[in-house]
1. Out of (1) under 18 Å from Leu535 (Cα atoms); (2) modelled with pLDDT under 90, what's the single condition that is false for Thr762?
2. Taking the stated definitions as given, is Arg627 under 15 Å from Tyr808 (Cβ atoms) and open to solvent by 40 Å² or more (accessible area, probe 1.4 Å)?
3. Taking the options Tyr744, Tyr811, name whichever one is touching a Ser or Thr at 6+ places or on another chain (Cβ under 8 Å) and modelled with pLDDT under 90.
4. Let me confirm something: among Phe696, Phe688, which residue is more than 10 Å from the chain's Cα centre (by Cα) and either at pLDDT 90 or above or crowded, with 20+ Cβ neighbours inside 10 Å (or both)?
5. Could you say which residue among Met796, Met832 is over 22 Å from the mean Cα position of the chain (by Cα) and either modelled with pLDDT of 90 or more or polar (S, T, N, Q) (or both)?
6. Pull up region 554-602, narrow it to residues that are among the small types (Gly, Ala, Ser) and assigned to a helix (DSSP H, G or I), then point me to the one that is nearest to Arg304 (Cα to Cα).
7. Ser654 fails exactly one of the following numbered conditions: (1) open to solvent by 20 Å² or more (accessible area, probe 1.4 Å); (2) touching a strand residue (DSSP E or B) at 6+ places or on another chain (Cβ under 8 Å); (3) within 27 Å of Phe259 (Cα to Cα); (4) not hydrophobic (A, V, I, L, M, F, W, C). What is the number of that condition?
8. Is at least one residue of region 732-741 in contact with a Lys or Arg (Cβ under 9 Å, 6 or more places away or on another chain), within 18 Å of Tyr799 (Cα to Cα), buried (at least 17 other Cβ atoms within 10 Å of the Cβ) and touching a residue at least 24 places away in the same chain (Cβ under 8 Å)?
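The values are calculated or read from the model by the stated rules, or taken from the named source; none is laboratory data. In this text, all values refer to a predicted model and were calculated from it rather than measured experimentally. No Cβ is skipped: glycine too gets one built from the backbone with ideal geometry, and neighbour counts run over all protein chains shown. In case anyone asks, the SASA skips ligands and DNA or RNA and just uses the protein heavy atoms, side chains included. Shrake-Rupley method; radii C 1.70, N 1.55, O 1.52, S 1.80 Å.
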Amino acid sequence: MVKMVASGEKQQGHRSGIYKQKNKGHKHGKHRTKGEIERENKGRVSVTALTKKQRKEQKKMDRRHKANQLRRNKKDMVLTEKRRLGSRDGPPHLVAVVSLHAGVDAGAITKLLRGEGAGGVVHQERCVSGISDSFGLILPRFKQRFTFLSYSTSEMHSLLDVARIADSLVFVLDSTEGWDSYGDYCLSCLFAQGLPSHALVCQGVTDLPVKKRVESRRALSKITEVRFPDARLFPLDSEQDATLLLRHLGTQRQRKLGFRSRRSHLLGQHVTFTPNSPAEGTGGGPTGLGTLCVSGYVRGRPLRVDRLVHISGHGDFQLSQIDAPSDPLPLNLTPRPAKPGKGGDVDMLDGDENEAPVRVLMTADPSCRESLQTEAEVDPMDGEQTWPTETELLEAEEARKKKRVMKVPKGTSDYQASWIVDDNEEENGETDEESSDDDDDDMMDEAMDGEDDENNSQDLGSCCGEEDEEEEEEEVCSTERAGADQRYDEHMDEAAEEEGLKRYREARANEMFPDEVDTPLDAAARIRFQRYRGLKSFRSSPWDPMENLPLNYSRIFQFQSFERTRHRILAEAAAEEEGAMVGWYVTLHITDVPFSVMESVQSGNPLVLVSLLPHEQKMSVMHVLVRRHPSNTEPIKSKEELVFHCGFRRFRASPIFSQHTSADKHKMERFLRPDAPTVVSVYAPITFSPAGVLLFKQRAADGIQDLVATGSLLSCDPQRVVLKRIVLSGHPFKINRRSAVVRYMFFNRDDIMWFKPVELRTKWGRRGHIKEVLGTHGHMKCVFDNQLRSQDTVLMNLYKRVYPRWTYDPYVPLPLPWVKREGTVEIDDLDME
């Protein structure tokens, strides 16, 4: 039955309840369009919102204009710096001529460059103090000036010093071979230090027949593309070739080296020495201290008088004043009047030396001058809780006088050393008697051999005369052979050979059994390894970097944040606008300089001077990331003395090696690895990176220094934890399902109980721990996570923190001329066993 609704009644609409489904609106974006914002605001925008909007968002054309302006500014800056070098406003273009082959003559190259056909005017001969083959060249045609110097490559230190400061290097190659073995060695050092702009030059191409010139140049280009893939080869046989080379040197792109572009540096062109009077210094005359006056062009950054200066190979010194003599190599030979510059300084102008007087630019203020303090002041009573009485002091002094000095095993305490009986006299007597007995036995054996030889020779002589002639010929041959062997042995150092063989065996043993040591039989392991501890995990286990620091750590300086300090100091140096500006010819007065510096200059070595940044004279722990050089195959042991070339510094030190990882603990390496980068830690003056680093090792026999490794500065962090690992090994004696009886790791019960908390591991990857001691002879029951194999070895890792040796020496003797090694010692596996 359908109920009909009357036409007069109105139907009621449906109302949704609380359970009606509500769909989400369409997400058309979390921001409004620009048109919606403009229509809603209608121009009414607050000032703060407007400025923020303008700074944050720019129109497309505005962004394009800004990028073009930045690009144009950088281009102008590069062009200005490029045009300043060699011009009137900048220092002369410093070019060093380096011969890479013994058969080429660098003097012939400089003779062509100074010729009149090149369009230059030689204005000054021997313009660099200490270098005879150096001259200043002015090219009015190019509006540039050059300083050329040709230095022998036989002294590696001087070659590296000149390459650090030179704007361009001209490498002289042989027309057939390119470079020899020593030239390749020099290139390896220069590339590792940082190579400036360079040019390749060869002579003798025009002497070849016309048909062979192209083949010769093609063969030489194939040789040089290994080292210089994009370099151009310049033949230099005529004055026209010299003009092309000069044009190329003046217009080529300059390569920036980070360690010198951030510091002010100078090459000494005129050096004088004035000894101190007895009232001024500790010594007078030629052996005492004095004032060194060094004249040269400022390069890199402006030079301040209150900063310390470092003379390569001699140390750090202070400046007293800076003078402004006349420019000895003026581009415009007509003198011009001087005009004052900013801040009351005087602008450097060209003129004759006789006409313009020497002006004092600035004088050092003692209150603002950097200190020469390299080490922190150590208070021996710092941290002392009690003060000893007079009686205790007297007793300690008497005990010190009565104290015996004797050699004890490493790791022995003073209490244990007092119980050791001194049997040196008895041992010496026994060894003397044994050695004398051995000598007597040898003499008796030689005498008996001599009698036997005489008897045999008489019997053979009676038998046949022809055999006597054959024996005489054999004796003559053996005598000649013995003489040749004796002459060969005269140049051999037996002690060095034995030391090299011992080092090779240690390196081979460390490679085959890394960090494994033998537990001593005559000493307790808990005493011998008392400084070592076990770690649950080398990666995550904690190690306090301030725990049990050595006494040398009280002498060094540490930054709260080295990277933040480095960025701040380098930014301040880049914005420096005070002092002697770049391109000025100045005279620096360096105080308290030893006379040995002047002797070095008089002997023909260049004087390279660099202004140090703040804190760069202070000692700290420096870390260097290096790679082993392929030419060196001799094992380099940790804590062995090496020669460092770090930036402008040169010193000797005994570093330690460690792995390069991102963890908070780093494992020490006993030898410098050839297949991976290694971190070298050493006590040295602070140097802000970037800077190239070269490591040399001096041969004990002849004093020649071989290149060992190359790299760069990593950081300055005394809190970098370097851990030395030792591995104690044991043999499974009885093997059960989850346990095993292990022996030969320890040899008494107390040692096992001492090292019981340390975790064990095996070479096959099993992990376990010591459960109990069995007997009194070093057997122990160990539990592992799985059953052991019979050929497996049980290991225990122990660690202790190690530090470098304080053997820093800034005075490095000059090396002898380099000679390539003939060969290396090869060791068989049987000898190792």
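1. Going through (1) under 18 Å from Leu535 (Cα atoms); (2) modelled with pLDDT under 90 one by one, Thr762 breaks only (2).
2. On the way: under 15 Å from Tyr808 (Cβ atoms): no; open to solvent by 40 Å² or more (accessible area, probe 1.4 Å): yes.
Spelling it out, it is not the case that Arg627 is under 15 Å from Tyr808 (Cβ atoms) and open to solvent by 40 Å² or more (accessible area, probe 1.4 Å).
3. On the way: Tyr811 fails: touching a Ser or Thr at 6+ places or on another chain (Cβ under 8 Å).
One residue alone meets the criteria, Tyr744.
4. Of the residues listed, the single one that is more than 10 Å from the chain's Cα centre (by Cα) and either at pLDDT 90 or above or crowded, with 20+ Cβ neighbours inside 10 Å (or both) is Phe688.
5. Numbers: Met832 fails: either modelled with pLDDT of 90 or more or polar (S, T, N, Q) (or both).
Criteria check complete, one pass: Met796.
6. Taking region 554-602 first, the residues among the small types (Gly, Ala, Ser) are 554, 561, 571, 573-575, 579-580, 583, 596, 600.
Then drop every residue that is not assigned to a helix (DSSP H, G or I), which leaves 554, 571, 573-574, 596, 600.
Working: Ser554: 31, Ala571: 16, Ala573: 11, Ala574: 13, Ser596: 25, Ser600: 26 Å.
Applying the filter and picking the extreme gives Ala573.
7. (1)
8. no
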